[in-house]
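Here's the structure, in C-alpha cells; my notes come after.
Laboratory data are not the source of any read-out in this text; all were calculated from the coordinates shown. Note that the structure is a prediction, hence the values are computed from the model and not measured. A quick note on method: Cβ atoms are made from the backbone with ideal geometry, for glycine too, and the neighbour counts reach across all protein chains shown.
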Amino acid sequence: MQGFKEFILRGNVVELAVAVVIGTAFTNIVTQIVEGLINPLIAAIAGQSDFSDVELGIFKIGLVIGAIINFLIIAAVVYFAMVMPMAKFKERQAKRRGTTEEAAKETDVDVLQDIRELLRQQARTAPPATTQQ
C-alpha cells in the first residue's frame, strides 16, 4: 500500500490529472467554437444549411472535416498558448543561468560514448581474471 501511496502523491500524477481535466474542458470550448462559428461559415460556402450534412456520395464528409478543423484549432492553441511560451521561458532561464540549451543538452550517443570509455578504463586497470578449474 505504501508504494501505491507514493505513486499517487507524486507530482507528475497530480499534474497529469489536472492536465486531463483542463484539456477536456478546453476541448469542449473549441468544439463549440467549431460547431457554432466555423462549421456554419464553411457550410454557407458549400451551400449547405449545416456543415455536418455535407456529403460526398454516401460519406458524411462534413463530420470528418469538422473533426479535422477541431483538431487543428486545438493543436494550434496548445502550441501557441503552452508549448511556445514554455520554450521561451526555458530559454530565458538558461540565459539567466549563463548556459545555453545546446551546451546543456547531452545526446544519448554522448552518454553511451562516455560509458564505453569508463568501461575501457576499468578493463585496463582491473587485475587479470583468474580461471578456476
### Task
Could I have the simple spin-label model distance between Leu112 and Ala81, label points 7 Å from Cα toward Cβ, reported in nm to one decimal?
4.0 nm
### Message
Restricting things to Cα coordinates, could you compute the convex hull volume per residue of the stretch 33-91 in Å³?
### Response
74 Å³
